[in-house]
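Student: Okay, handing you the structure first.
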Amino acid sequence: MEKFGFSMDGELDILADDKPKKEAEAAKKAAPVVKQEKDFIIDKKVRCPVCDKEFPIKAVLATKLKRLEPDFDLRPNYEHVDKCKYDFISCPKCGYSALDTTFSKIDTARVKLIRAEFCPSFKPQQEELQETYSYEYSIEKFKLALICTMKKRAKMSEKAYVCLKIAWLRRAQLKELEGNKDADPKVIEMVKKEYDGFYAQAYEGFMKAISQETPPYCGMASEAVEFMLANMSVYYKKYDAAMKIIARLIQSASTSRKLKDKCLELKEQIVAEQGE
């Protein structure tokens, strides 16, 4: 066939075209795709109820998330992404910020309070929306949300929940920093200080809320909040307070069997800790 300009080596291999495809498929199977935080983030647009301006935000595509075991105080954890970083909405125009679950649920009277007591002091910043949120960026926005909860005279449970979100983010950031040998000790100290401060405010705020407000507390069921507080009480070694909450949950007809079992486990933990 050489006289016709064709080679017998390969040009008459009828399976030659399939070989690269098979090799590519084999390579694809051999190298698993490593998912990153950005793979779970989508772009959305939100309209501000205070200034009526529309703006873009980053949000988590919840349907793609794989839930992991929560922390002792029910902080939710997910594979590949810390959803807590995206649990706020902050208007870049007027500054109004809140939990994503409460951002649009603001009445006329509170809109007036935000416009009168918050917006005049807010200084808009030139900032480009990043592909994903950093801990510092999210915490900064949650702090704006905390100021807004105070200015709009929000319930104690909402103020406490914002404090808890900040504390949770600082705790996750602290864990990340402590795993980095090049982390600045001063930054670690600052993060720990803020974690302790906001966590204490969240604890005291929720304890006050369950004694003064009717459930749900900022959208959360009373049983979940009380079990969370029992665990937080153990964290602070306030065992008597924890035991009272546990007893109340176990005796309540509205508490699920699963939660009652968890209460019994926590009770055993308290007994063990007190016996040490």
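Throughout, read-outs are computed from the coordinates displayed, never taken from laboratory work. Just so we're clear, the structure is a prediction, and the values are computed from it rather than from any experiment. Using ideal geometry, Cβ is built from the backbone for each residue, glycine included, and neighbour counts are taken over all protein chains shown.
Student: Using a/c under 1.5 as the rounded threshold, could you call segment 37-81 rounded, prolate or oblate? The axes a ≥ b ≥ c are square roots of the C-alpha gyration tensor eigenvalues, and prolate needs a/b larger than b/c, oblate otherwise. Walk me through the numbers on the way to the answer.
Tutor: On the way: a/c = 4.26, a/b = 1.91, b/c = 2.23.
Oblate, because a/c is 1.5 or more while a/b does not exceed b/c.
Student: Turning to a different aspect of this structure: Just one of [x] 1.10; [y] 1.01; [z] 1.40 is Cα Rg over 2.2 N^0.38 Å as worked out from the coordinates here. Which one is it?
Tutor: [z]
Student: In what sequence do Lys193, Lys83 fall when counting other Cβ within 10 Å, fewest first? Mind dumping the intermediate values first?
Tutor: On the way: Lys193 11, Lys83 15.
Result, fewest neighbours first: Lys193, Lys83.
Student: What nm value, rounded to one decimal, do you get for the distance between Asp100 and Leu74 when each label is placed 7 Å out toward the C-beta?
Tutor: 1.9 nm
Student: Kyte-Doolittle mean at least -1.0 and Cα extent at least 15 Å along the axis: which DSSP H helices of the chain qualify? Before the final figure, lay out each step's value.
Tutor: Working: long enough: 18-30 (18 Å, -1.88); 135-151 (24 Å, 0.16); 156-178 (32 Å, -0.17); 185-212 (40 Å, -0.41); 222-235 (20 Å, 0.64); 239-251 (18 Å, 0.61); 257-274 (26 Å, -0.93).
Within the chain the helices that satisfy the rule are 135-151, 156-178, 185-212, 222-235, 239-251, 257-274.
Student: Further question: Rounded, prolate or oblate for segment 105-210? Axes are the square roots of the Cα gyration tensor eigenvalues, ordered a ≥ b ≥ c, and the cut-off for rounded is a/c under 1.5. List each step's numbers first, then the result.
Tutor: Working: a/c = 2.71, a/b = 1.44, b/c = 1.88.
Here segment 105-210 falls in the oblate category.
Student: How long is the gain from Asp240 to Glu128 if the chain were fully straight, where each residue apart is worth 0.36 nm and the alpha carbon distance is subtracted? Walk me through the numbers on the way to the answer.
Tutor: Details: separation 112, 0.36 × 112 = 40.32 nm, distance 4.90 nm.
Roughly 35.4 nm would be gained on extension.
Student: A follow-up question, please. With label points built 7 Å along Cα→Cβ from the Cα atoms of Asp43 and Tyr137, find their separation and express it in nm.
Tutor: 1.3 nm
Student: Which is farthest toward the positive dipole end of the chain among Gly205, Ala224, Leu259, measuring Cα position about the Cα centre, with Cβ charges +1 (Lys, Arg) and -1 (Asp, Glu)?
Tutor: Gly205
Student: Taking 0.36 nm per intervening residue step and subtracting the Cα-Cα distance, what contour gain separates Glu178 from Gln36 on full extension?
Tutor: Details: separation 142, 0.36 × 142 = 51.12 nm, distance 2.13 nm.
Once the chain is fully extended between Glu178 and Gln36, it gains 49.0 nm.
Student: To the nearest Å, what is the center-to-center distance of segment 182-250 and segment 131-148, using C-alpha atoms only?
Tutor: Each part reduced to its Cα centre gives a spacing of 20 Å.
Student: Another question, then. 222 nm [θ] for the chain, helices only, -39500 (n - 2.57) per DSSP H run of 4+, per residue, to 500? Write out the running numbers ahead of the final one.
Tutor: On the way: 8 runs with 136 residues, N = 276.
Value at 222 nm, helices only, nearest 500: -16500 deg cm²/dmol.
Student: Next question, about the same structure. How much length is gained if the chain between Leu264 and Val111 is pulled fully straight, taking 0.36 nm per residue apart and subtracting their Cα-Cα distance, in nm to one decimal? Before the final figure, lay out the partial values.
Tutor: Working: separation 153, 0.36 × 153 = 55.08 nm, distance 4.44 nm.
Here the segment from Leu264 to Val111 would lengthen by 50.6 nm.
Student: Among the GluC sites (Glu not before Pro) in segment 44-129, which ones are in a DSSP loop with at most 14 other Cβ atoms within 10 Å of the Cβ? Mind listing them? Present the calculation step by step, with values, prior to reporting the outcome.
Tutor: Details: sites: Glu54, Glu79, Glu117, Glu127, Glu128; in loops: Glu79, Glu127, Glu128.
Passing both the DSSP loop test and the Cβ count: Glu79, Glu127, Glu128.
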